[in-house]
Amino acid sequence: MLAARTIEILRTERGLGQRQLAARCTALGRPMSNTMLSRIELAKRRCDIDDLVAIAEALQVSPVALLQRPGAT
C-alpha cells in the first residue's frame, strides 16, 4: 500500500493525471490504462515488478523510491 500512495503523490506533484501517467507507461512498452493505474493507486490491483519499473521510469524516479515513504529519498 505504501507504493500505491507514493505513486499517487509523485504523479500529482508532477502535475500528471492518471491518463497521462498511464499513457507514459504504455509508451515505455508497459500497456496500462488509466483504470489499471487508478486501481493500483487505490491498492485494489497488485502492482507487479513490471508495473513498478514502468511507473518509476514514467515518473523519472528509481523503482526503490516508489517503495519508500514519500519524502524519504
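Every number here is computed from the coordinates shown, using simple stated rules; none is lab data. Note that the structure is predicted; figures quoted are calculated from it, not measured. Every residue, glycine as well, gets a Cβ built from its backbone with ideal geometry; the counts of neighbours run over all protein chains shown.
When 37, 59 are checked against the criterion of being out of contact with any Gly (no Cβ under 7 Å at 6 or more places or on another chain), aliphatic (A, V, I, L, M) and under 12 Å from residue 4 (Cα atoms), 37 stands alone in meeting it. Cβ-Cβ contacts under 9 Å between residues 6 or more apart (or on different chains), taken from a first residue in the range 1-28 that is within 17 Å of residue 50 (Cβ to Cβ) to a second residue that is among the basic types (Lys, Arg) and part of a helix (DSSP H, G or I), are listed as 21/11. With respect to being over 12 Å from the mean Cα position of the chain (by Cα), surrounded by fewer than 19 Cβ atoms within 10 Å (Cβ to Cβ) and of a type in the set (S, T, N, Q), residue 12 falls outside the description.
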